[in-house]
Structure formats: C-alpha cells, structure tokens
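Trainee: Provided herewith is a single structure, encoded as structure tokens, for subsequent inquiry.
The values are calculated or read from the model by the stated rules, or taken from the named source; none is laboratory data. What you are looking at is a predicted structure, and each value in this text was computed from that prediction instead of being measured. No Cβ is skipped: glycine too gets one built from the backbone with ideal geometry, and neighbour counts run over all protein chains shown. Accessible surface areas use protein heavy atoms only, side chains included; no ligands, DNA or RNA. Shrake-Rupley method; radii C 1.70, N 1.55, O 1.52, S 1.80 Å.
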Amino acid sequence: MKLGSLKSGRDGRLVVVSDDLAWCADATHIAPTLQAALDDWDHAEPALRNLATDLQHEAIPMMRFHERNAASPLPRAYQWVDGSAYVNHVALVRQARGAEMPDSFWHDPLIYQGGSDAFLGPRDAIPLADESWGCDMEAEIVVVTGDVPMGVSADEARGYIRLVGLTNDVSLRGLIPGELAKGFGFFQSKPASAFSPVFVTPEALGDRWDGGKLHGTLFVDLNGAPLGRADAGVDMTFDFGQLIAHAARTRSLSAGTIIGSGTVSNRGADGGPGKPVSEGGVGYSCLAEVRTVEMIASGKAATPFLKKGDTVRIWMEDEKHHPIFGTIDQIVA
C-alpha cells in the first residue's frame, strides 16, 4: 500500500495511491491526514488497505496523482530523528580531515533530532539564501513508526515500522563546523528536508524489505547526470530496528516519528573509497562524500556545493524501472 498527502492546509489531505503512482483515491473518510491514520493505525490500516485494493480494481472514484501537487506524506511530524547508519560515510569524512575514528562509532549509533515542524514537498524548491553556506543534498532511506515504548529491543522495534520512504536531508556544510564546535549540535545547519511523494508499507516492498533494511539502488542525479547509484541494503552498519531501539532507550516515541538512515554510502570494491559512476563505481549520495574522496585522492576538494539553479533528483526503482516512492525532484532557488 502506498500513501501520500495532497497539499491542503498544514497537514495535507490523505490519499491512497496506486502501485504505479498514476492514480489516487481520497482517504479522508478513513482519516483526514496521515498523522491521524498513524494515531489510530490498528483501525485505519485495514480500511486503507481495502481502499487500496478497490483503487487497483478501479472500483471507486479516483483521480490522477500528480507529484507536483503532493506534499511530504507527513507535511510536519511530531519527531524527525536522523541517524548515521552507514558508518563508511562517517569514516571517509573523518579520514579526509585526519581525525581518528572512535571504535564506539561501529557499535553505538549516531543520531540527532532534526526540525520537523515543516517539511518540503518532493517537488518544492530548496530555499538557499547564501551560497557560501555550502548547501548539500543527502539521499537517505526513512521509516515511520507507530507508538514505540521506551526500552524496546532492536528485534521488537522492527515490528513498530509502519511505512518506508526516501528523503533529501538538506545540509548547510559551511555552518556545521561552527555549530558543532559549540558542543550543542545542529540547528541552523539543518534546514527543512524533503520527502518522497509516497510512503510505502513494508509488506508492499516484497523482498526489498528484510525487516530492518531496504535493499536496492538509490538513484541520485545532479543537474541531470548520475551522481549516486549506491545499494541501500549494503554497508548499513545499523539497521532501522537498531536505530529505533537507540532512540527509544530513554523515552517512548510517538506514532508518526520519522527515523532517517543518514547518507546512503557504499565502500569501493576494494574496500576503500568508492568511485564516481562515470568511472564504473556506484558514486555518492551527497556532495560532502564526493569532496571527501577528492581530498583523500589529491588533497583538494574540487566539486562545488549546490548553487542556485542546480537540480537534484532522488528515487528508487522497481523491477520494471518505475519509481517505487515517486521522485524527489528539486531545484535550488
């Protein structure tokens, strides 16, 4: 089942979307918003699933689903927690600046709590007031949870995953060092993120979903050229069950909490830094990693961060090469 939100007010209007993303059906008679559905998932999910079946059989009124009219499936959320599950990405960044990699990073997940009061839609522009801030995209996988009790184990946590999707977690790299130096974490350096047009229930992903990881190529294009083709199921040090359990160690998580994987990153075939797509590698899911690999190779980063007019596309394909979650397609403005 695929769920989305058409732009309407602050929290959108819930729709069930066809598997091919061509059609949708109004679901507001079941729940007015996706958050309302998540709050009452045990009752809402079966009704939404029946509606999705009726939509597939064209047995109910339906309308064209246009991704330009879609908000983030959750236009705002009670909580947005982003991790760094692909520790290869962290290791590369630290290697480039000559910093030692603490052993704890391999068994104790890194997470931070991001701003969730307003997300960008999948086709909304990335607002950038100053190019010197070093604007970067970060292509990631996300899951949405139900109500998660405090102290849940990683195995138990996987059972609270309700939906899976994609995000472009925008970062302002030029502002990050100054904020981290204060010892109090990100704020100005982490503006609004954008999410895929639809979120998908785990069972609808078939073999791509193993309970804690999403497998398959995450496509990232910059200005129409391939930037990243990493496999989201490879080199993921912590799966989503582990990330959720880490977040819920000292607090419960409310239904509608979004958990991010961090930048999807694969090692090279030789175990070292990966290669660009143009050189036969799987490329990169953010510009910071591109620049890091350039630093390691030549001592200098050559690739610029995003500037006004640049375009970013992020998507994942099914076996027929159709987008599973729709496409995040943004211009820097």
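Trainee: Hey, any hits in the range 163-170 for a residue that's open to solvent by 50 Å² or more (accessible area, probe 1.4 Å), of a type outside the set (Gly, Ala, Ser) and outside any strand (DSSP E or B)?
Mentor: No; the residues of the range 163-170 include none that is open to solvent by 50 Å² or more (accessible area, probe 1.4 Å), of a type outside the set (Gly, Ala, Ser) and outside any strand (DSSP E or B).
Trainee: I would also like to ask the following. Being under 25 Å from Leu6 (Cβ atoms), at pLDDT 95 or above and of a type in the set (Gly, Ala, Ser) narrows it down to one of Ser193, Ser189, so name that one.
Mentor: Ser193
Trainee: Oh, and also: Of Ser265, Ser252, Ser298, which residue is touching a Leu at 6+ places or on another chain (Cβ under 9 Å) and either open to solvent by 50 Å² or more (accessible area, probe 1.4 Å) or of a type outside the set (Phe, Trp, Tyr) (or both)?
Mentor: Ser265
Trainee: If I ask for residues that are more than 18 Å from Val264 (Cα to Cα), charged (D, E, K, R) and in contact with a Phe, Trp or Tyr (Cβ under 8 Å, 6 or more places away or on another chain), which ones from the range 95-151 would you list?
Mentor: Result: Glu131, Asp147.
Trainee: Please count how many residues of the range 40-80 are open to solvent by 10 Å² or more (accessible area, probe 1.4 Å), more than 20 Å from Met1 (Cβ to Cβ) and part of a strand (DSSP E or B).
Mentor: Summing the residues that are open to solvent by 10 Å² or more (accessible area, probe 1.4 Å), more than 20 Å from Met1 (Cβ to Cβ) and part of a strand (DSSP E or B) in the range 40-80 gives 0.
Trainee: So Gly272 clears everything in (1) in contact (Cβ under 8 Å) with a residue 12 or more places away in the chain; (2) open to solvent by less than 50 Å² (accessible area, probe 1.4 Å) except one condition, right? Which one?
Mentor: Going through the list (1) in contact (Cβ under 8 Å) with a residue 12 or more places away in the chain; (2) open to solvent by less than 50 Å² (accessible area, probe 1.4 Å), Gly272 breaks only (1).
Trainee: Conditions: (1) surrounded by fewer than 23 Cβ atoms within 10 Å (Cβ to Cβ); (2) of a type in the set (Val, Ile, Thr); (3) touching a strand residue (DSSP E or B) at 6+ places or on another chain (Cβ under 7 Å). Ile141 meets all but one. Number of the miss?
Mentor: It fails just one condition, (1).
Trainee: So, one more: Looking at the range 301-323 only, could you name the residues that are assigned to a loop (DSSP other than H, G, I, E, B), open to solvent by less than 50 Å² (accessible area, probe 1.4 Å) and not hydroxyl-bearing (Ser, Thr, Tyr)?
Mentor: Ala301, Phe305, Gly309, Asp310, Asp318
Trainee: May I ask you to say which residue of Ile60, Ile30 is farther than 24 Å from Val143 by Cα and either among the aliphatic types (A, V, I, L, M) or modelled with pLDDT under 95 (or both)?
Mentor: Unique residue meeting the criteria: Ile60.
Trainee: Filter the range 279-289 for residues that are modelled with pLDDT of 95 or more, of a type outside the set (Phe, Trp, Tyr) and within 17 Å of Ala302 (Cα to Cα) and give the result.
Mentor: Gly283, Ser285, Cys286, Leu287
Trainee: From the list Gly174, Gly151, Gly206, pick out the single residue that is under 21 Å from Met316 (Cα atoms) and of a type in the set (Gly, Ala, Ser).
Mentor: Only one candidate passes the filter, namely Gly206.
Trainee: May I ask you to list pairs of residues, at least six apart or on different chains, whose Cβ atoms are under 9 Å apart, with the first in the range 170-181 being over 17 Å from Arg291 (Cβ atoms) and free of Cβ contacts under 8 Å to residues at least 12 places away in the same chain and the second being open to solvent by 50 Å² or more (accessible area, probe 1.4 Å) and part of a loop (DSSP other than H, G, I, E, B)?
Mentor: Filtered contacts from the range 170-181: Gly178/Gln188; Glu179/Phe186; Glu179/Phe187; Glu179/Gln188; Leu180/Phe186.
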